[in-house]
Amino acid sequence: MLRAQPEVCDGRVTRPVIFLDIDGVVAPIRRWDRYEDLDPACIEVLNKIVACSGADVVVTSSLRYGKTVAELQEMLDAHGFTGCVLDKTPTDRPRARGDEIAAWLGEHAVGGCVIIDDHADMGELRTHLVQTHPAHGLQPADVPRAVAILMRPGPRATM
């Protein structure tokens, strides 16, 4: 499938970015001892956010460990995702999710960003968070808020 390439200015991404967790966001957690598969309804909501904003995805989920960006793209595509996985946050050393996102932002210019996660550990980036309920995942009611956050200027995070 052909995907639109991100707009680049001086080697930096300038499109909006969705920082995406997977478990509890597009894969609802309905039992504490069992994580579920990706939910097509949640993927469809993600597709709507992408279509409304032109955003690309940066995967923040622990599922990024040991996977390439291409493998993450294939995993999401297999469940109906129509957007582009641009990258994943750093895995060089364990940190709070907000710190990992801040580290990524410190290396990339973005045209706005939203963090979609079922946890709130985003530090100073919490104003960019759309927090999902882990048992329900991403819901249609989350679309307007996510798109509105994406349309704001991107944070100037540094690490």
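The values are calculated or read from the model by the stated rules, or taken from the named source; none is laboratory data. Since this is a predicted model, take the numbers as computed values, not measurements. For the accessible areas, the whole protein counts, side chains as well, though only heavy atoms, and no ligand, DNA or RNA atoms are used. Shrake-Rupley method; radii C 1.70, N 1.55, O 1.52, S 1.80 Å.
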For segment 13-159, what % of the accessible area comes from carbon and sulfur atoms, probe 1.4 Å? 53 percent
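Please label the shape of segment 32-159 as rounded, prolate or oblate, based on the square roots a ≥ b ≥ c of the eigenvalues of the alpha-carbon gyration tensor (a/c under 1.5 means rounded; beyond that, a/b larger than b/c means prolate, else oblate).
Rounded, because the longest to shortest axis ratio a/c is under 1.5.
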J(HN,Hα) series, segment 70-81, from Karplus relation 6.51 cos²θ - 1.76 cosθ + 1.60, nearest Hz, glycine and proline x: 4, 5, 5, 4, 4, 4, 5, 4, 4, 10, x, 5
